[in-house]
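The values are calculated or read from the model by the stated rules, or taken from the named source; none is laboratory data. Note that this is a predicted model, so its numbers are computed, not measured. Positions of Cβ are backbone-derived with ideal geometry, glycine not excepted, and every protein chain shown enters the neighbour counts. Just so you know, the surface numbers come from the protein's heavy atoms only, side chains and all, with ligands and any DNA or RNA stripped out. Shrake-Rupley method; radii C 1.70, N 1.55, O 1.52, S 1.80 Å.
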Amino acid sequence: MTVSGLLEHGFREVVLSDGDREIDGCYMGDLLSWVMGRAQADNAWITIMSNLNVVAVASLADTACVILTEGVELPDDVRAAAEMRDVNVLSTDLPSYDAAVLLSTLI
Amino acid sequence: MAEPLVFHFDVDGSDFTSAGQASVQIKKSLRQLGLPSEIIRRVSIAMYEGEINMVIHANGGVADVIVTEDCVEIILKDQGPGIENVEQAMQEGFSTATSTIHSLGFGAGMGLPNMKRYSDTMEIDTVVGVGTTITMKIFLNQ
Ligand SMILES: Nc1ncnc2c1ncn2[C@@H]1O[C@H](COP(=O)(O)OP(=O)(O)OP(=O)(O)O)[C@@H](O)[C@H]1O
Ligand SMILES: [Mg+2]
């Protein structure tokens with residue numbers, strides 16, 4: 001499944017920099033050093049964190065996309081940073097667990 | 001490349017909401033050099049963890065990255081408080097971070113272990129009250 005593909009399954013587009021990117025697995029977590037230590041490149045990263053550091057971590061850890069859950073919104077300055085660094089960000093009102101369950105049926 | 005490439009950054013210690021700019025810049029430069037993406041990922045994460053540590057624990061510092069044909073070397077130097085017990089600091093979960101830092105998503109006590117995990121060699125040179133220098137190497141031909 002590509003990042004764009006998720007948009008047909010209820011995930012909303014926040015920043016779409018490279019929609020053709022393939023998602024290979026998923027990591028869920030809000031502590032950034034855990035994400036950097038455990039997430040794999042090309043994973044979808046499910047989190048409720050939405051500050052600037054999230055963009056840096058997603059970019060440096062090379063995740064396929066960030067998925068903001070629980071209806072969390074991205075502040076404007078963070079959105080601009082994601083656009084600048086070619087980071088994909090999607091969002092959903094689902095809780096993190098439900099988002100992960102849905103994702104696992106799709107990828 | 002015959003001559004080593006050297007990148008130098010001053011890491012500002014005053015703004016930890018947007019820290020990590022040196023690492024982001026290095027990622028870009030290594031991409032332009034055409035290094036394999038797995039190497040770039042390891043360098044980027046190891047350097048970012050060190051850069052964030054300088055900002056949140058040591059009020060900033062300087063970062064140098066030296067790229068040769070067979071190695072990327074990252075040298076992070078600060079004049080912060082130093083690390084009292086390196087063995088303890090290297091353990092997963094050990095952190096002295098404050099609640100402000102926790103609210104940003106840092107302070108899990110995983111940064112130094114990640115730096116060790118993603119580098120091939122890592123040396124910590126630290127003196128309490130004087131500062132800390134961390135040198136990491138990532139080899140390209142392994
Ligand atoms: N450059 C430094 N100067 C002084 N102390 C440091 C420095 N780097 C790390 N430390 C100390 O070592 C501890 C462990 O560092 P580590 O990076 O593993 O965790 P953290 O920064 O607290 O949390 P995380 O990296 O998971 O966000 C820190 O809490 C701090 O006490
Ligand atoms: Mg740290």
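Do you know which of the residues in segment B:12-22 that are touching a residue at least 40 places away in the same chain (Cβ under 8 Å) and in contact with a strand residue (DSSP E or B) (Cβ under 8 Å, 6 or more places away or on another chain) is surrounded by the fewest Cβ atoms within 10 Å (Cβ to Cβ)?
So, considering only residues that are touching a residue at least 40 places away in the same chain (Cβ under 8 Å) and in contact with a strand residue (DSSP E or B) (Cβ under 8 Å, 6 or more places away or on another chain), the one surrounded by the fewest Cβ atoms within 10 Å (Cβ to Cβ) is B:14.
Looking for whichever is touching a Leu at 6+ places or on another chain (Cβ under 8 Å) and more than 22 Å from residue B:118 (Cα to Cα) here; the options are A:103, A:52. Which one fits?
A:103 is the lone residue from the list that is touching a Leu at 6+ places or on another chain (Cβ under 8 Å) and more than 22 Å from residue B:118 (Cα to Cα).
Can you name the condition, by its number, that residue B:108 falls short on among (1) crowded, with 19+ Cβ neighbours inside 10 Å; (2) touching a residue at least 24 places away in the same chain (Cβ under 8 Å); (3) of a type in the set (A, V, I, L, M); (4) within 19 Å of residue A:36 (Cβ to Cβ)?
Here residue B:108 meets the rest and fails (2).
Mind listing just one residue for me: the one in segment A:27-40 that is within 10 Å of chain B (Cβ to nearest Cβ) and open to solvent by 30 Å² or more (accessible area, probe 1.4 Å) and, of those, farthest from residue B:110 (Cα to Cα)?
Within segment A:27-40, the match that is farthest from residue B:110 (Cα to Cα) is A:40.
Considering only residues that are of a type in the set (Val, Ile, Thr) and without any contact (Cβ under 8 Å) to a residue 60 or more places away in the chain, look in segment A:1-44 and name the one that is farthest from ligand 2 (Cβ to nearest atom).
Top of the filtered list is A:2.
Mind listing whichever residues of segment B:23-52 are within 15 Å of ligand 2 (Cβ to nearest atom) and either more than 10 Å from every other protein chain (Cβ to nearest Cβ) or assigned to a strand (DSSP E or B) (or both)?
B:50
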